[in-house]
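Student: Supplied in structure tokens, the structure appears directly below.
Throughout, read-outs are computed from the coordinates displayed, never taken from laboratory work. Here the structure is a predicted model, which is why all the values come from computation and not from measurement.
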Amino acid sequence: MARRTKSDKELIQRNVMVSRVSKVVKGGKRFNFSALIVVGDGKGSVGFGVGKAKEVPDAIKKATERASQNMERVPLKEGRTIHQDVTGTYGSGRVHIRSAPRGTGVIAGGAMRSIFESLGIRDVVAKMLNSSNPHNVVKATLAALRSIETPRTVAMKRGLKVSDLFEKRAVHANSVSEGEL
């Protein structure tokens, strides 16, 4: 269920999980609700939030506000995929995210799909391991996306130009393929 909310800019809201928690008291049961929401602008910014309240709409509203306050920028390659393959962990949850060629689509499940769609990624392959808990998966996915480095940042760290990076990679690939023959 994707819902767009109006604020300073157009945001895509994805409802990852809503859970009901009951507390047994003298008069019966009291219910509270918690919501996990992912919000993105579809252009490379994403954030998540958790909200708890006595009613579902209030929990979703709180989570959406927290998500929009905690938005982070993720570098995208050609505006459709990520620059390199990454792995992220949080708790026992682990995710592997791989860039994919044009036309592949989003091959991911559950909470990761919500993040990619709100982020604006259209071609990616992802796998979650060890934990399918949506909270851990969302945090592990965002940890993986934070570790992405653009060619520009890699070149700056090495003291090179971006074009020099790709020339060295092409020369290395040619020498490897000639050596195998």
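Student: If you scale each eigenvalue of the Cα gyration tensor by 5 and take the root, what three semi-axes come out for segment 51-142, rounded to whole angstrom and sorted largest first?
Tutor: 25, 16, 11
Student: Over the chain, with a Gaussian network built from C-alpha contacts below 10 Å, which listed residue (Gly120, Gly105, Gly28) shows the highest mean-square fluctuation?
Tutor: Maximum fluctuation in the GNM of the chain, among the listed residues, is at Gly28.
Student: Check Met17: other-chain or 5+ apart residues with amide H under 5 Å from its amide H, H built from backbone geometry?
Tutor: The list, which skips near neighbours in sequence, is Leu36.
Student: Further, regarding this structure: Using only Cα atoms, what is the ratio of the radius of gyration of segment 26-181 to 2.2 N^0.38 Å?
Tutor: Dividing the Cα Rg of segment 26-181 by 2.2 N^0.38 Å gives 1.31.
Student: Considering the Cα trace of segment 33-94, what is its radius of gyration and what is Dmax, both in angstroms?
Tutor: According to the Cα coordinates of segment 33-94, Rg and Dmax are 14.3, 43 Å.
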